[in-house]
């Protein structure tokens, strides 16, 4: 196994890494819409989804892969009423349409509206 930490993604806010490579697969931690420069999160589901997707892209790049090699995503929403707006942004990044689970949760770290984690092939 090899630990992955992406310099272009926000630092982890807890005792975990951005992800791990095991064999030919990369497993990411969930990426909330935190800004890598530490500035406050944008407001609204569309802007937050954009940032979460960019953060996923940064960890994929650090692992040596990209969006086209994502096999599975797990998406967390603070409000399932944001599902359609989330999808409009998500589909711009995940054009290969990987398998996906999307669930509503009570709360997300730092008051985020969404979080995305991925499994990708190298």
Subject >> Residues of the range 15-25 satisfying the condition of being touching a residue at least 60 places away in the same chain (Cβ under 8 Å) and over 12 Å from residue 5 (Cα atoms) >> reply: 24, 25
Original post:
Tally time: how many residues in the range 97-112 are outside any strand (DSSP E or B) and touching a strand residue (DSSP E or B) at 6+ places or on another chain (Cβ under 7 Å)?
Top reply: 3
**OP:** Out of 42, 34, 12, report the one residue that is within 25 Å of residue 2 (Cβ to Cβ), part of a loop (DSSP other than H, G, I, E, B) and at pLDDT below 95.
**Re:** 12
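The values are calculated or read from the model by the stated rules, or taken from the named source; none is laboratory data. Since this is a predicted model, take the numbers as computed values, not measurements. Please note: Cβ atoms are built from the backbone with ideal geometry, for glycine as well, and neighbour counts cover all protein chains shown.
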